[in-house]
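Below is one structure; the comments refer to it alone.
The values are calculated or read from the model by the stated rules, or taken from the named source; none is laboratory data. Everything numeric here is computed off the predicted structure, so don't read it as measured data. Positions of Cβ are generated from backbone atoms using ideal geometry, with glycine treated the same way; all protein chains shown enter the neighbour counts. The protein model used for the area step is the full one, side chains on, heavy atoms only, and it has no ligands, DNA or RNA in it. Shrake-Rupley method; radii C 1.70, N 1.55, O 1.52, S 1.80 Å.
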Amino acid sequence: MKQGIKFRAAPLCASLAAIANSSGHFITREGRELLHGAANRLTATDSSPKQVFVWSTGGQPVKSLPSRVYKGAGGADELEAHFWFRWRCERLDDCWIAYEGSVNVELHTTGDAAGRYGGYHVDICEGGLHVEYDSDGVEKEKQAEAGVRHCFAHSHIDKAMPRLPSVLVTPPDVLEFALTELWPTEWKRKIAGSTGRTNQLKPHHLAQRRRIHRVLSSLALQASNPYPITALHDRLKSPVELA
Amino acid sequence: MPLRICLIDDKWTKAQTDVVCPEGAEIDVRGIDDETPEDFSNFDLVLLDQNLGIAPALKTVFDGSGVASQLRALARRDKISLPPLAILTSEPNLFEFEVPAVGPERPFGGSFIGREAHLAPTLDVEWLLLKPDFDDEAAVELTRQRIGDLAASYRSAVALAGADGVSMDESSRFLGLDAAQPWAAAAVNSIAASLPPISQEPGESGSPPRAPASLIRWLLHRALPYPGLFLSDLQLSSRLGVAVRDLDKLAAGATPWASALSAGRYAGPGSTLMARRWWTSAVDYAALELFEAAEDVGPTEALQKLAGVEVAPLGIDSPVVVSDESFVEIDIAPLEQAVQVRPPGWPIEAMLPWLAVKTADGHPWLRYLVDPADAREVGLA
């Protein structure tokens, strides 16, 4: 059986849609439509007979609006985030296992100094030895890199290393992290406010707390091994249940 | 048992009414001075002429919507369930000064054709119909179909709901959902999300005053007219990235994908009362398959492969369906030229409409419906 991140479609769809509905000053209109599209596709797939699918944002990234306040009071060069994700999933009874995938954030300066600022991505996998899958989800013949071991959720910053274990795993949580970084005060003010739309964020944040706690619990369990650091790179013995 | 239809009209005869009602229906025509039927709940549909003139005894104005109020009062007094009430008038512009149930507090303006759902709630009727020109056979046939649809839909709702209110399962069966379709499970979830008038109390006898008619009202005032449980041709076209004129060709393909899409065409109660509708779940299913196929070969080739027919792409980047000032869908435009609005009275369970930016900019009462963040992004004042 594949290991990975076990999730239910409804909470992740609701989280993505809630962020899309609440991020009017933070994400472009096109980006919000892409998020709604991704949420709708997960909902449609969940109710369909499909047993495997690739959940993604599609061919275009979700773009944030530019921010100048990511270093504090403002005056920094304008920076915008480009966000996309791709998760390979298999159905498991009434939920899904995401066994391979990445959630990506690329940061770009805009205006006269336009260019790539940096980026990071959060990979998920079964943990342990690196495994690659073909487009049908079948394990490929092991390549030279196969000797590399990964934590089941790890983030890369620009390069292949470091592969830091990550508590942020799901697309809505990585997206919200990016928004929080770009607008440290403004996003917090937004989510703490009370409007019809931000009310939708309350169930999202409740589910998010649960998700992060469960990832932390899985990491803690792995680190309780006699060799904690290397144990973090072991293959999961059971899925990380976000549901 | 034949459909039973009552018409309250000061001018039309039974002969005229027979022409526009379904064949075999039992028709009861009453003038404003005639005694009212003993029990309106025995009918499947009550049609009300709008221009009923002045009742000399009371020196007041009687019109169809006024009679509707009287009938509601009768129903309250006698604790009966009324059938759907529909205004049947020869004057489509009669309500131009009414304030509609959806949109800014401004006069309705113009004809009710195509906007019946915006007006019917205000007049406390289920629907509005236009009296046809008797020389126009197509118009007569359309009116006959619509009157038959209304009456038969109510008959079906009564049979399903029984005397204990409406349940979720009865709502699904009322709409004629085909459980064999691959998108059927999603459709059941969508029906629940569309807030149908669930009122069933198991074991309770004696239905609430409006139980089966509530199902009709929900269908005609919320579920069918607004994009949510069902989508229009324009919405389908936008989701699949093809022109409206090619939809029939796509749905006629011999592939499983085309069959599933074709089965998504809504043909249940109320389907003759407005332009064609599709189950949103069927559209989502088709769009999902297209999305996945397009990842390998691109959207045009993916569509050809899935549908088995060749159609030209829509050629619009990030298409959205835009509406006119009255929130009637009119076209497909690129997202960058459109802005989403929140009209007062818009059903909460429905997708919000889009206006072309220049339409929204054209009037202050439309500009204020735009979210301030979006207004800033598209350059609205």
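General remarks:
- Rounded percent of accessible protein surface that carbon and sulfur make up, chain A, 1.4 Å probe: 55 percent
- The mean sequence distance of close C-alpha pairs (under 8 Å, at least 6 residues apart), as a share of the length of region B:1-157, puts its relative contact order at 23 percent.
- Histogrammed with a bin width of 10 Å, the alpha carbon distances of chain A distribute as 7, 30, 36, 21, 5, 0 percent, first bin at zero.
- Applying D = kT/(6 pi eta Rh) to region B:262-345, where Rh is the Kirkwood radius over alpha-carbon pairs, T corresponds to 20 °C and eta to 1.002 mPa s, the Stokes-Einstein value obtained is 140 µm²/s.
- Where labels lie 7 Å past Cα in the beta-carbon direction, separation of residue A:68 and residue B:380 in nm: 2.6 nm
- Tilt relative to chain A, helix A:171-182 - C-alpha long axis, 0 to 90 degrees, to 10: 40 degrees
- Candidate residues B:168, B:274: accessible-area rank, largest first, probe 1.4 Å: B:168, B:274
- Looking at the protein assembly as shown alone, DSSP beta bridges between its own residues are antiparallel in about 75 percent of cases.
- Antiparallel DSSP beta bridges within region B:7-123, percent to nearest 5: 30 percent
- Residue-span extension gain [residue B:305 to residue B:16] - 0.36 nm each, minus C-alpha spacing: 98.8 nm
- Paramagnetic label zone (point 7 Å from Cα along Cα-to-C-beta, residue B:254; backbone N under 20 Å) in region B:288-309: B:302-309
- Area buried, chain B against chain A - accessible surface, total, 1.4 angstrom probe, square angstrom: 2000 Å²
- Entries of B:14/B:131; A:50/B:249; A:6/A:50; A:2/A:140; B:11/B:131; A:159/A:237 with Cα pairs more than 20 Å apart: A:50/B:249; A:159/A:237
- Nearest-ten-degree value, helix A:9-22 long axis tilted from longest Cα axis of chain A: 20 degrees
- Cα point-scatterer Debye curve for region A:197-241, base-10 log of I(q)/I(0) at q = 0.20, 0.30, 0.33 Å⁻¹: -0.66, -1.02, -1.11
- The mean count of C-beta atoms from other chains within 10 Å of the C-beta of residues in A:18-28, rounded to a whole number, is 2.
- Surface per residue (accessible, 1.4 Å probe) for chain A, Å²: 47 Å²
- Normalised radius of gyration (Cα atoms, divided by 2.2 N^0.38 Å) for the protein assembly as shown: 1.12.
- Cα gyration tensor shape for region A:101-217, rounded if a/c is under 1.5, else prolate or oblate: oblate
- Surface composition of region B:303-376: carbon and sulfur atoms hold 51% of the protein heavy-atom accessible area at a 1.4 Å probe.
- Alpha-carbon centroid distance for the pair region A:213-236 / region B:212-247, whole angstrom: 50 Å
- Calculated [222 nm] ellipticity per residue, helices only, for chain B: -11000 deg cm²/dmol; basis is -39500 (n - 2.57) per DSSP H run with n ≥ 4, divided by all residues, nearest 500.
- Residues losing 20 Å² or more accessible surface upon assembly, region B:356-381, compared with the chain by itself, 1.4 Å: B:371, B:373, B:374, B:376, B:377
- With contacts taken as Cα pairs under 8 Å at a separation of at least 6 residues, region A:5-162 carries a relative contact order of 17 percent.
- 1.4 Å probe accessible area per residue over region B:1-141, in Å²: 49 Å²
- Cα-derived Rg over Rh, computed across region A:1-124 with Rh taken as Kirkwood radius: 1.04
- Using C-alpha pairs below 8 Å separated by at least 6 residues, the relative contact order for region B:100-221 is 28 percent.
- Dividing the convex hull volume of the alpha carbon atoms of region A:48-92 by its residue count gives 112 Å³ per residue.
- Taking max minus min of the alpha-carbon positions on each principal axis, region B:79-174 gives extents of 40, 38, 26 Å, largest first.
- Normalising the Debye intensity of region A:51-122 to I(0), with uniform scatterers on Cα atoms only, and taking log10 at q = 0.15 Å⁻¹ returns -0.61.
- Counted charge near residue B:345, where neighbours are those whose Cβ lies closer than 14 Å (Asp, Glu -1; Lys, Arg +1): +1
- Using a simple spin-label model with pseudo-atoms 7 Å out from Cα toward Cβ, residue A:216 and residue B:349 lie 3.8 nm apart.
- Nearest-0.05 FRET efficiency for residue B:73 and residue A:164, computed from C-beta distance (R0 56 Å): 0.20
- In region B:125-185, one over the average inverse separation of all distinct C-alpha pairs is 14.0 Å, which is the Kirkwood hydrodynamic radius.
- Seen against the Cα atoms of chain A and their longest principal axis, helix A:29-46 is set at about 30 degrees.
- Those residues of region B:264-294 for which accessible area with every protein chain present is at least 40 Å² below the isolated value (1.4 Å probe): B:288, B:291, B:292
- Legend: residues in region A:35-81 shielded by at least 40 square angstrom of accessible surface upon adding the remaining protein chains to the isolated chain (1.4 Å probe, heavy atoms) are A:41, A:44, A:47, A:50.
- Of all lysines in the structure, those lying under 21 Å Cα to Cα from residue A:71, and not within fewer than 8 positions of it along the same chain, are A:63, A:188, A:190.
- Accessible area, probe 1.4 Å, largest first, for residues A:229, A:124: A:229, A:124
- Note on chain B: Cα-Cα pairs beyond 38 Å make up 24% of the total pair count.
- Ignoring aspartates and glutamates fewer than eight residues from residue B:79 along the same chain, the ones with Cα atoms less than 16 angstrom from its Cα are B:38, B:39, B:164, B:204.
- Only aspartates and glutamates eight or more places from residue B:305 in sequence, or on another chain, were considered; those with a Cα closer than 17 Å are B:246, B:248, B:289, B:292, B:295, B:296.
- Solvent-free Debye calculation, one equal scatterer per alpha-carbon of region B:8-136: log10 I(q)/I(0) at 0.11, 0.22 Å⁻¹ equals -0.40, -1.47.
- FRET efficiency, residue A:112 to residue A:25 (Cβ-Cβ, R0 35 Å, nearest 0.05): 0.90
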